1. Determine the dipole magnitude for the chain: charges of +1 sit on the beta-carbon of Lys and Arg, -1 on that of Asp and Glu, nothing else is charged, the reference point is the Cα centre, and the result goes in debye to the nearest 20.
2. Suppose we keep just the alpha-carbon trace of the chain; what are its Rg and Dmax in angstrom?
3. If packing is taken as the average number of other Cβ atoms within 10 Å across a peptide's residues, how do 293-306, 355-368, 449-462 rank, most packed first?
4. Can you list residues from other chains, or at least 5 along the same chain, whose modelled amide H is less than 5 Å from the amide H of L488?
5. Hey, what did region 445-571 get for relative contact order, percent, Cα under 8 Å, at least 6 apart?
6. So, in Å, what gap is there between the alpha-carbon centers of region 295-370 and region 499-541?
7. Go through region 639-648 residue by residue and turn each phi into a ³J(HN,Hα) via Karplus (6.51, -1.76, 1.60, θ = phi - 60°); whole Hz please, and just put x for glycine and proline.
8. Taking the Cβ of E574 as the center, what net charge do the other residues with Cβ under 15 Å away carry, scoring Lys and Arg +1 and Asp and Glu -1?
Amino acid sequence: MKTYKQLGLAALAAVTIVACKPKGTETAVSGDAAQKVYVAPGKLDEVYNFVSGGFSGQVSVVGLPSGRTIKVLPVFSQNPENGYGYSEETKPMLETSHGFIPWDDQHHLSLSQTNGEIDGRWLFANANNTPRVARLDLKSFKTVEILEIPNSAGNHSSPFLTENTEYVVAGTRFAVPADGQDDVPIESFKQNFKGYLSFIGINKDSGEMDITFQIEAPGFNFDLSHAGKGKSHGWFFFSCYNSEQANTLLEVNASQNEKDFIMAVNWKKAEEYLKAGKGKKMAVEYAHNKWDEEKHMATSTIKKEVMVLSAEELKDICYLIPCPKSPHGCDVDPTGEYIVGSGKLAALIPVFSFDKIQKAIANKDFAGEFDGIPIIKYEAALHGEVQKPGLGPLHTEFDGKGNAYTSHFVSSEVVKWDIKTLQVLDRQPTFYSVGHLMVVGGDSSKPYGKYLVAYNKITKDRYLPVGPELPQSAQLFDISGDKMKLLLDFPTHGEPHYAQAGPAELFMKDQVKFYKIEDNKHPYATKGENESKVVREGNKVHVYMTSIRSHFAPDNIEGIRVGDEVYFHVTNLEQDWDVPHGFAIKGAQNAELLIMPGETSTLRWDPKKPGMYPMYCTDFCSALHQEMQGYVRVSPAGSNVPLTYHLNNKKDNAQGPVKQGEVK
Ligand code: K7E
Ligand code: CUA
């Protein structure tokens, strides 16, 4: 029995909780919001939104305006749902110079562009922790390439790209000593630590990545970047913090200087120096992993050198522009004239002018040098400052109508302002603590506009509570009018940072629906049931298996022994869209396989003890999906049970003579 006093306290606590709840969270939505986001059953969304997964290592595809998550695309993390990073074919995608890495922290995305417009071909994604850049092919929505970045740590200012996808860049967030020369005291930071910027060349037709050159810059922390476009094509802009070059308690020690920098890089000039032989070869090791769409498998190779240009020696490739208080976002407007820097601790937003930067360089209007790199005078580069925009400005996107939208982490709001006049036009609260925001096509030369999405860090009371770990969240705004209108909240997969989006038509043409079985060049492909077989090579057993509605061939196997390494090479014989089969076997220390029509995938299985092991299809593929099953009999090590395989109790699973793997 509770005493009155206890009940009183409980009642008081309840009142307190109610009183603490932020007010007005529901009232920000206008009356027609539901109509604007409603996508009726059978209808398709208007926009593909690719959203970074942060610490999930993956990328989500979200439909807008509905906010529905359509798919999670595996990139840097193993994905048990479809066997990515578990199947023998996909494991090489996650190889690095440090060995197999099953996870990463994925922050930024860039859709490939032609003439500054999104072209719908590829999506690039960065990995922060073990520096890598991935390329996804948007015909198949698959990760088809991952390139490790040497001389880097914390690949944060990445993977931003130039207007014809000539380069994707990767700037190191942590200043580091060069690879192989890094066994030095941390105290020697100022002498030995550098900031490397990688320019990854992209093959025009195939999309294949290769590091064309790196620029060795002073030991700053390069945070974010965006390429020039239009008139500023040929330049790249990187924000950097920690110009103090502190190496401990950065929270305090890297916030000392009134201004850090935006570094403007003339990459066309860098190309000239490279051609003129001014680069030096550096011995490094980095993995280059490629997916082969015909062999249905990845290969990983280790590359051994990279060309490096020194910013200190080659005077006119890098310039520093002072930028207030620990810059974060670095964004370029659709015309290429305005460069917006966002100081996380600043109470204003500086906007720089490309024309003025050029003039300042021509007139040597410098305020000194930093490690041999000219510092342009702040006022000489400045177009103007947005006054009192909000607190903690982070990231800016554009609508193509002369407006900019900046996220404010500390004051939890999106602020709309005029790029030319720098006047604040509108502000809307976000719930809560917005990081990146994105306008559809908002970092291209031709924004599509219409929608803005805020990606928030904190959700508290926005969804049904699910314990201490809550989802992150996105909020959709209609930006077609003068004032932004909040339309929708939706939870996200992982922690969203940056995102990209484009109109649906761009991505719907030429999509792969299935793989032609006659084009399958996988060395273990089985192109018909009567080709299925089981072959023993010492303790390795290769199962050439097929799947078709609704059975595997073979579906019974005997003669497997403890100590065997069994490889199930499953070929899905279906030739129709949306008919994958799954494959799983009891005791596999692995995920399932999810095999697309016409594809071959391999599951490695090392049975640990004798027994009868059922295997089955995991993807509900037909009315008789549940019948899609079989057995593998595992005998003790050294047993002489002959290796046989069956379908419909016929050994050799078809007509013809009984085939048996050799048994030693
Ligand atoms: Cu601002 Cu990693 Cu782009 Cu997150 S970063 S928010
Ligand atoms: Cu195949 Cu279920």
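1. 980 debye
2. Here Rg and the maximum Cα pair distance are 28.2, 88 Å.
3. Ranking, from highest mean packing down: 449-462, 293-306, 355-368.
4. Correct list: L476.
5. Numbers: 164 pairs, mean separation 20.4, N = 127.
The value is 16 percent.
6. 42 Å
7. Listing the rounded values in order: 5, 10, 4, x, 7, 9, 8, 9, 9, 6 Hz.
8. My count for the surroundings of E574 gives -3.
The values are calculated or read from the model by the stated rules, or taken from the named source; none is laboratory data. What you see is a predicted model, and the numbers here were worked out from it, not measured in a lab. Note that each Cβ is placed from the backbone with ideal geometry, even for glycine, and that neighbours are counted across all protein chains shown. When the accessible area is computed, the model is the full protein with side chains, heavy atoms only, and any ligands, DNA or RNA have been set aside. Shrake-Rupley method; radii C 1.70, N 1.55, O 1.52, S 1.80 Å.
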